[in-house]
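Heads up, the thing below is written out as structure tokens.
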Amino acid sequence: MTTLNRRNALQLGLGAGALALGGGIGTSALAQAKLVWRATDVHPTGYPTVAAVEAMGKKLEAATSGRISIQMFPSMQLGGEKEMIEQAQLGALQIARISVGPMGPLVPEFNVFNLPFVFRDGAHMEKVIDGEIGTELLTKLSNHPTAGLIGLCYMNAGVRNVYNSKKPIEKVEDLKGLKIRMMGNPLFVDTMNSLGGNGVAMGFDQLVNAMQTGVVDGAENNEPSYESGQHYRYAKFYSKTAHLMIPEVLVFSKKTFETLSKDDQSLLMKLGKEAQQEQRKLWNTREEESVKKMKDAGVAINEVKDKAAFQAAVKPVWDKYGAQHAALIERIGAVK
Ligand code: GTR
């Protein structure tokens, strides 16, 4: 299939997927048109983000008497986050739950959330995303002239810690020589390299294979991703470096959004906000469950005492990516 044909097929597919006419032709039939929004996530069924979007779908169906529903494609069924963003931009899917990590190259201000150690703790991060700054950045995304996405809400994603197959990381020097998978955004590769490791950028969908074949020695992520992704099978040393605390975003295809009535748009935005709170509750429980599963599976978890050394080592990352956002960084720091 040529690229052009594939694109045409995709666009035809999206027509069928997003809009199923309830019968007849004409304005009344259009008003009754049943909409099935395709949603996707890299995580499996049962993961807090997936469950929260499914719950949002149920509310949507109830509020529209079945006119709008959500069909969930979990477990990377529609590809990794890069592919998800592209499909949402095309309107081939409507809802994508992605990390703020890969959003930095689209909306540079998001890179401030991606800076290592930018949040003091989970409560600080939640205050920032729930408050003025969080709203401002989501609006920036929605108003972006070419990003093609509407920001619905944020979701929690805990703290990211380094894991690998070789040894526990207790000091910065322990990372030396280790090949660690990082998310697809140069900021993260720079972060790992500044810590002395070898950062390797790749999609979440390629990681298990890369660990199995030894292309990388490990990666970094929160407990639920490490556990549900079965990463502990290949990298049993989980070291609590807590170097990143990156929220997630739920985005909607701008292409589809522009075809919706004002009422449907506001319903969607309202349910998005509710999904944020719903996911947070699920997240806190899941984090605890994942730690338990990790311990049962024999994962070697270690605390990292001297975080100051890690913070000092990533200074070049702050200089490179933070300097142009100094005012925003200051405002984040001032959130109490
Ligand atoms: C997870 C996050 C995913 C994805 C993944 C990754 O914590 O929920 O959206 O970004 O990390 O490392 O790629």
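Points worth noting:
- Rounded to the nearest 5, the antiparallel percentage of DSSP beta bridges internal to the chain is 55%.
- If you take the alpha carbon atoms of segment 155-279 and fit the smallest convex hull around them, that volume is 115 Å³ per residue.
- Segment 295-336 - Rg over Rh from alpha carbon coordinates, Kirkwood radius: 1.22
- Stokes-Einstein D in µm²/s, Kirkwood radius over Cα pairs - segment 94-217 at 37 °C with 0.692 mPa s viscosity: 205
- Set of lysines near Lys171 by C-alpha distance (under 23 Å), chain-local residues within fewer than 8 positions excluded: Lys179, Lys236, Lys240, Lys295, Lys305, Lys307, Lys315
- When every Cα-Cα distance of segment 143-205 is counted in 5 angstrom steps from zero, the calculated P(r) takes the values 4, 15, 20, 19, 17, 10, 7, 6, 3, 0 percent.
- D (Stokes-Einstein, µm²/s), Kirkwood Cα radius, segment 74-116, 0.890 mPa s at 25 °C: 221
- Taken over segment 222-326, the ratio of Cα radius of gyration to 2.2 N^0.38 Å equals 1.50.
- Per-residue ellipticity at 222 nm from helix content only, as computed over the chain with -39500 (n - 2.57) for each DSSP H run of at least four residues, stands at -13500 deg cm²/dmol.
- In terms of other Cβ atoms within 10 Å, Val36, Val317 run from fewest to most in the order Val36, Val317.
- Distance between segment 60-136 and segment 284-336 - C-alpha centres, whole angstrom: 19
- Cα pair distances in segment 54-98, grouped into 10 Å bins until the bin that holds the longest one, percent each: 27, 45, 26, 2
- Largest first, the three principal axis extents of the alpha carbons in the chain are 68, 43, 41 Å in whole numbers.
- Calculation over all alpha carbon pairs of segment 110-156 in 5 angstrom steps from 0 returns a P(r) of 5, 21, 28, 24, 14, 7, 1 percent.
- Residues Leu138, Leu244, ranked from the fewest to the most other C-beta atoms within 10 Å, line up as Leu138, Leu244.
Quick note: the coordinates plus some simple rules give every number you see, no bench work behind them. Computed from a predicted model, the values in this text were never measured in an experiment. Cβ coordinates were reconstructed from backbone atoms using ideal geometry, including for glycine residues, and neighbour counts include every protein chain displayed.
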